[in-house]
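The structure under discussion appears below in the form of structure tokens.
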Amino acid sequence: APEISFCPSRGAAVLNLLYLDEYNLNPDYLETVLRHELGHVLGLGVIWDKRGNDLVDEDQALYRAETYAGQSYGELLGTGLPTAIPLDRDSLTHWDETLFDAELMTPNAEGIGDALPLSAMTISSLRDLGWRVNYGAAEAFSLGSDRP
């Protein structure tokens, strides 16, 4: 995996106040939205290809296989082999929605009350960016049986 020395030292997440009533009525949903946005503040998606990071093949919309996240994806697939990770083609800043559906760092939130787990793959992407990580914080996540 690449040796990266750049991690954000500050950032911001902006909440749309039009949803304030919904957030107040559903604090778990607010927590999920904040966890996703703070993932971006920490660099997920936004610095994958900045400051010497070369984690994304933009032409193929893939996160590179030869990374900690690529290794985690191979484990998720059951092969144990480093595997390139499909990204959302529109932004290249999220995991592919169709494949990863309810994972925390996909582009679309699920319904209120639905879990959006923080997978070992996402934690591994933080490691690719240079963060020290705790894999014990990973939440149970598996790919659906209808995956491509």
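Values for this structure:
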{"read-out": "Whole-angstrom gap from the range 63-83 to the range 36-50, using each part's C-alpha centre", "value": "19 Å"}
{"read-out": "Estimated distance in nm for a label pair at THR98 and ASN16, the labels positioned 7 Å out from Cα along Cα-to-Cβ", "value": "2.5 nm"}
{"read-out": "Residue (of VAL133, ASN24, LEU42) at the positive-pole extreme of the range 18-137, dipole from beta-carbon charges", "value": "VAL133"}
{"read-out": "Only Lys, Arg (+1) and Asp, Glu (-1) charged, at Cβ; the range 18-137 dipole about Cα centre in debye", "value": "580 debye"}
{"read-out": "Estimated FRET transfer efficiency (SER91, ASP59; beta-carbon r; R0 22 Å; 0.05)", "value": "0.90"}
{"read-out": "Label point distance in nm, TRP131-GLU75, each placed 7 Å from Cα along Cα→Cβ", "value": "1.6 nm"}
{"read-out": "Two-site label geometry, GLU37 and ASN24: point separation in nm, points 7 Å out along Cα→Cβ", "value": "1.7 nm"}
{"read-out": "Relative contact order, percent, the range 42-127 [alpha-carbon distance under 8 Å, six or more residues apart]", "value": "25 percent"}
{"read-out": "In order through the range 20-33: 3J(HN,Hα) via Karplus (6.51 cos²θ - 1.76 cosθ + 1.60), integer Hz, x for Gly, Pro", "value": "4, 4, 5, 5, 5, 7, 9, x, 5, 5, 4, 4, 5, 4"}
{"read-out": "Rg and Dmax [Cα atoms of the range 18-137; Å; Rg one decimal, Dmax integer]", "value": "14.5, 45"}
{"read-out": "Average Cα contact separation per residue, the chain, under 8 Å, 6 or more apart, as relative contact order %", "value": "24 percent"}
{"read-out": "Helix 68-77 vs. the chain, principal-axis angle (Cα, 0 to 90°, nearest 10)", "value": "80 degrees"}
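Each value in this text was obtained by applying a stated rule to the coordinates, not by laboratory testing. These numbers come from a predicted model, not from an experiment. So basically every Cβ, Gly included, is an ideal-geometry build from the backbone, and we count neighbours across all protein chains shown.
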